[in-house]
Amino acid sequence: MKLKPGLPPARNLIIAVPWFWLALFFLLPFLFVLKISLSEPTLAQPPYMDLIREIEDGFVTLVINFSNYQLLLEDSLYLSALWGSLKVAGISTLFCLLIGYPMAYAIARSPVHWRLPLLMLIILPFWTSFLIRIYAWIGILKTNGLLNNLLMGMGLIDSPLEIMHTPIAVYIGVVYNYLPFVVLPLYATLIRLDLTLLEAAADLGCRPWKQFLLITLPLSMPGVLAGSMLVFIPVMGEFVIPDLLGGPNTLMLGKLMWTEFFSNKDWPLASSLAALLLVALILPFVLLRHFERRAEEAST
Amino acid sequence: MNRVRQFKPEEPWQAPEEEPIVRIENVTKRFGAFYAVDDISLHIHQGEFFSLLGSSGCGKTTLLRMLAGFETPTSGQIFIDGQDVTNIPPYERPVNMMFQSYALFPHMNVADNIAFGLKQEGMAKSERQDRVAELLSLVQIEQLAKRKPHQLSGGQRQRVALARSLAKHPKILLLDEPLGALDKKLREQTQFELVNIQERLGITFVVVTHDQEEAMTMSSRIALMHEGRIEQVDPPRRLYEFPSTRYAASFIGSVNLFDGYVVQQDDDQVLVQCDEADSLLQVRHSQPLVPGMAVTLALRPEKVRVLKDFDEEAPNQLRGQIKEIAYLGDVSIYHVQLPGGKWVQFTQPNVQALAEQPLTWDEEVTLGWSANSCGVLTE
Amino acid sequence: MKKVSSGFKYLFPSLLLTTATLSNAEELHVYNWSDYIAEDTVAQFEQETGIKVIYDVYDSNEVLEAKLLAGRSGYDLAFPTARPFADRHITAGLYQPLNKDKLSNLDNIDPVILQSLADIDAGNQHLVPYMWGTTGIGYNVKKVREILGDEMPLDTWRLVFDPKIVAKLEGCGVSLMDDATEVFIAASAYRGQDTADFSKAAIEAAANTVQAVRPYIRYFHSSQYINDLANGDLCVAHGYSGDVLQARDRASEAGNGVEVAYAVPSEGAVVWTDVMVIPKDAPNPDAAHRFINYLMQPEVIAPITNYVAYANANAAATDLVDEEIRMDPGIYPPAQTREKLIVIKTPAERQLRDMNRSWTRVKTGQ
């Protein structure tokens, strides 16, 4: 907690509130997870050993066990799962952007009285429970589901498409579910974009598609970045969508954590997976911020 | 209005055989039922510093945007350098625009902003760099080339915007309220720089402004616009001294208006009976007028003098009582009420500091002016 | 051991959190498998005793286990599968011993089944058996006969583990359960190996058996096959007896011409027993005892079997069960079938982890 000493106490207090919130609901639980990740599993309640153990009367010893992390790094299964999660998160984010950008752009450029209804159309499905929406996709994608019946009824395919329980179903579910998280921040940046900049570009000889490439796209990068993070980060740890729509051969960290926690009762290993996932997610952003700052310093 | 610019070259608008660089023919722009621009025809000539002047909503910006290509006329045609550009998109027009907000690209530094248009036309890199350096020195911001727009002051941004719009050697430079965002002191200084650059480059400038002083100072000619139409197109001095409509007379500076009818005309001397002033007024006017015709005379307050004696027989003499005095520093404005109730205002320079005011409240004064000082408005 | 079709597990909010105490009436918190009780069982108990039952459901042993291991689950009564779950829970000390003075109906329980639990629960101190069943093979009779001919016996693990046969059935659809213990034990039985051997070598051998047929397996799932068997979308499924019989009934109800049958493979199949237990930290063990005793009444448990189509462990109730169910060899297997059943030996913790990790590798093709 870094409070600036010169500030009036009221302002210190205001800054302290989010810090306190983060510490209480993020840092503290994470420390618990970290603690469990350094212990050993045991058949007891709870199913892990305490770090501090009494060996004799009055003598205590601290036992820290790094073997969970060692296993994660040595066993290719976990790195493969990391790669699987990265792949699903990366491809889903890309598709969310490819679909979400034109949507956000169209809404931001539509007449004022159309914008709110269009945004509502994006948000409204999300007033339904997340699970109901995923189950709806099962109904659409399954072998004798809506999509297959429709395509076969139209004579476009002879035998049903195997989509359910494949990676494609996972991508469909993830992209559908996370699309608003891309559309909304993109809309917010695009609506703030000064349209006279496009006129200025046109005035200087720039054709419409180049105006988009040279002006709109670079200036909407904050929205692209925010949207990507809002999709990429949760999808990295996503469990329910791959579990319901994906096949058993979908190897992702979320499912692996489930197996370690529930099937193996190996809470320490599940915790070290969670800790490792967090580091894997935070590290790129810390590095990005670091390079941004250096680039900024270099330019001034 | 003491800094009206002297336009050096021969007045090109007096040479009808020369093709104007901008020819606007019966252009109308309608937004729904609203006529933003209503049947305007206008010629602008090579090398002019042409101002579109008017209050907000008069259509001046819409007209400028039609020149740039951001709006398409509902009807009518626009020619630039003899070419019909009415339906040509902005990125293919030989004009450039300096935006009121400057519209600098926030993600590019100053040099890249200026080079943007050059890059679009595919100019080689080394040539581009030379051109950018040239422009940076033209607007005197060589040291700012690597800065981003958000690191610049308002005045610096204005210079970048100007340099960027000049980069492609446009045939016409359109400027939308070019000084509007600057504070008063910087504005006055920048006015002259803008004029100097325009004269040096010989590019035709078309400026939109709502500031009459700015228009008067810089322009070769001013088109005064009102409700989508042009009230009057004239050089600043003519616009001020001989406004042709009531609106033109009252928009620029202050004016006393006398409604009356023509009594008689001898050569260029016209006698007008003005009932509201209960007086006979004489004015010089070369156009023939029919006796009995209703006219309005426009008299600038600074043309009025205080006379010692009142000669009831002489024209252009009024008596009244000073009711209000406004001290403005260089001059004072006096509001005089005539016996019939009509108000007339006149100004007097404050020649001596702290001197006893020669005129004071409730004083009876005689006002007079020469026949040359008055303008005749027929509309 | 039973599972509900698809994953409705996410839809059930914990009733415990939302149920406010409306009166001072005694409360009993029951945590059971979904669809594992008759419709009026709870209401009748409430009427008889005045105890308010808060009934919550789960659909996997793992979820129940995680709650019990975390502690303070708030439940008074749960229904884990005896092996390997209840076995290791006893080791971990998660249950309290039963007070047999309060279980007057204990004599109704089949002594053979009670005896079969004695090795994991000495003196039957913690567990009372509830229902039991087997894990075998469900198949589409007509289609499988069409492909394999009339000569081929179908009560064999070769249907899901012999690469030559599974390759023939591939187009028609073969599924395995997504459960390491079940699949590996079945694979060991198929190869005639010791099904109680969980050494690294045995796990690797079982994994290789699965690996050999993996290209022809349509999916690994522990409940999806119910629908697909019933619709005729799948020909052979490794699954729980009750679930396959459910598919059979659905198909005959739909009248779609699909005939589903259940077979206990001759190489041996897993028999499982779900048991009633009282967690160590149960808030109201007294009411839990009363509920267990209530469920041990033949006239209470028989309608449950009629409703859920699983055999109960209550010897006194067998005559009260509908004849159709009592005579169904899939539900109450005949003696010679019973001899072939495999009782799961609980693997050591390390072995369990090796097995699950190996399983993840096999099914994801790593």
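The values are calculated or read from the model by the stated rules, or taken from the named source; none is laboratory data. Predicted, not measured: the structure shown is a model, and the values here were computed from it. Note: ideal-geometry Cβ built from the backbone for every residue, glycine included; neighbour counts use all protein chains shown. Remember, those area values only see protein heavy atoms, side chains included, never the ligands or the DNA or RNA. Shrake-Rupley method; radii C 1.70, N 1.55, O 1.52, S 1.80 Å.
Observations on the structure shown:
- A cut-off of 5 Å between modelled amide H atoms, ignoring neighbours fewer than 5 places along the same chain, links B:V37 with B:K29.
- Nearest-20 debye value, chain B charge dipole, Cβ charges on Lys, Arg, Asp, Glu: 2060 debye
- Farthest positive-ward along the stretch B:254-377 dipole, Cα basis, beta-carbon charges - from B:Y261, B:S373, B:C274: B:S373
- Spin-label model, A:W209/A:I168: points 7 Å from Cα along the beta carbon direction are separated by 2.9 nm.
- 1.4 Å probe, heavy atoms, protein only - residues of the stretch C:81-122 losing at least 10 Å² accessible area vs chain alone: C:R88, C:T91, C:A92, C:L94
- Computed magnitude of the charge dipole of the stretch B:254-377 (debye, nearest 20; Cβ of K, R +1, Cβ of D, E -1): 340 debye
- Carbon plus sulfur fraction of accessible area for the stretch B:254-377, probe 1.4 Å, in percent: 48 percent
- For the peptide A:42-55, the mean number of other protein chain Cβ atoms found within 10 angstrom of a residue's Cβ is 3.
- A cut-off under 15 angstrom between Cβ atoms defines the neighbours of B:E313, and their net charge, with Lys, Arg +1 and Asp, Glu -1, is -3.
- Computed from protein heavy atoms with a 1.4 Å probe, the total accessible area buried between A and C is close to 3200 Å².
- Each of A:I91 and B:T378 was given a label point 7 Å from its Cα along the Cα-to-Cβ line. The distance between the two points is 8.2 nm.
- For the stretch C:235-271, backbone nitrogen atoms closer than 19 Å to the point 7 Å from C:E170 Cα along Cα-to-C-beta are found at C:235-238.
- Projected label distance in nm at C:D35 and B:Q264, using a 7 Å step from Cα toward the beta-carbon: 11.8 nm
- For the stretch B:254-377, accessible area per residue (1.4 Å probe, heavy atoms of protein chains only), Å²: 55 Å²
- Interface burial in the stretch B:116-160, defined as at least 50 Å² less accessible area with all protein chains than with the chain alone at a 1.4 Å probe, covers B:F116, B:Q120.
- Of the whole protein surface, B:D266 contributes about 90 Å² of accessible area at a 1.4 Å probe radius.
- Sites matching trypsin sites (Lys or Arg not before Pro) across the stretch B:138-228 that sit in DSSP coil, with at most 13 neighbouring C-beta atoms within 10 Å: B:K146
- Using R0 = 56 Å, the C-beta based FRET efficiency linking A:L131 and B:Q151 works out to 0.65.
- Accessible solvent surface per residue of the stretch A:15-61, calculated while the other protein chains remain in place, 1.4 angstrom probe, Å²: 72 Å²
- The distance linking the stretch A:222-285 with the stretch A:195-218 is 40 Å (Cα centroid to Cα centroid, whole angstrom).
- Solvent exposure of the stretch A:142-227 as accessible area per residue, Å², 1.4 Å probe: 46 Å²
- Pairwise centroid distance, computed over Cα atoms, of the stretch A:140-185 with the stretch C:190-268, Å: 27 Å
- DSSP-defined antiparallel bridges as percent of all bridges, chain B, nearest 5: 75 percent
- Percent RCO, i.e. relative contact order, over chain B, from Cα pairs under 8 Å lying at least 6 residues apart: 15 percent
- Cβ-Cβ FRET estimate between B:Q273 and B:E127, R0 fixed at 51 Å, reported to 0.05: 0.15
- Whole-number percent relative contact order across the stretch C:280-349, with pairs defined as alpha carbons under 8 Å at least 6 apart: 21 percent
- Database note for the protein assembly as shown: Cys without another Cys beta carbon under 4.7 angstrom, A:C96, A:C206, B:C58, B:C274, B:C374.
- Our estimate of slack between C:E48 and C:M327, defined as 0.36 nm per intervening residue step minus the Cα-Cα distance, is 97.2 nm.
- If both residues of a DSSP beta bridge must be in the protein assembly as shown, then about 70% of such bridges are antiparallel.
- Counting only Cβ charges, +1 for Lys and Arg and -1 for Asp and Glu, the dipole size of chain C around its Cα centre is about 1420 debye.
- Across the stretch B:265-280, computed HN-Hα scalar couplings (Karplus, 6.51 cos²θ - 1.76 cosθ + 1.60, θ = phi - 60°) run 9, 10, 6, 9, 9, 10, 10, 10, 8, 10, 6, 5, 9, 6, 7, 9 Hz from first to last residue, x flagging Gly and Pro.
- Measuring heavy-atom accessible area with a 1.4 angstrom probe and counting protein chains only, the residues of the stretch A:241-278 that give up at least 40 Å² relative to the chain alone are A:P248, A:N249, A:L251, A:W258, A:F262, A:S263, A:N264, A:K265, A:W267.
- Tensor-based shape of chain A (alpha-carbon gyration tensor, a/c under 1.5 rounded, otherwise prolate or oblate): oblate
- Peptide-level mean, for A:69-80, of C-beta atoms on other protein chains within 10 Å: 2
- Amide proton proximity set for B:D81, modelled H, under 5 Å, gap of 5+: B:V22, B:R23
- Protein accessible area in the stretch A:9-299, 1.4 Å probe - carbon and sulfur %: 74 percent
- Centroid-to-centroid, using Cα positions, the stretch C:58-122 and the stretch C:129-153 are 31 Å apart.
- The stretch C:97-178: trypsin sites (Lys or Arg not before Pro) in DSSP coil with no more than 16 other Cβ atoms inside 10 Å: none
- The GluC sites (Glu not before Pro) of the stretch B:224-277 that meet both conditions, a loop assignment by DSSP and at most 16 other Cβ atoms within 10 Å of the site Cβ, are B:E227, B:E276.
- Shape category assigned to the stretch C:18-141 from the gyration tensor of Cα positions, a/c cut at 1.5: rounded
- With a threshold of 26 Å on the Cα-Cα distance, the over-threshold entries among C:K164/C:K345; A:K87/C:K363; A:K35/C:K67; A:K265/C:K280; C:K200/C:K280 are C:K164/C:K345; C:K200/C:K280.
- Interface size, chains A and B: roughly 1800 Å² of accessible area buried, both sides included, 1.4 Å probe, rounded to the nearest 100.
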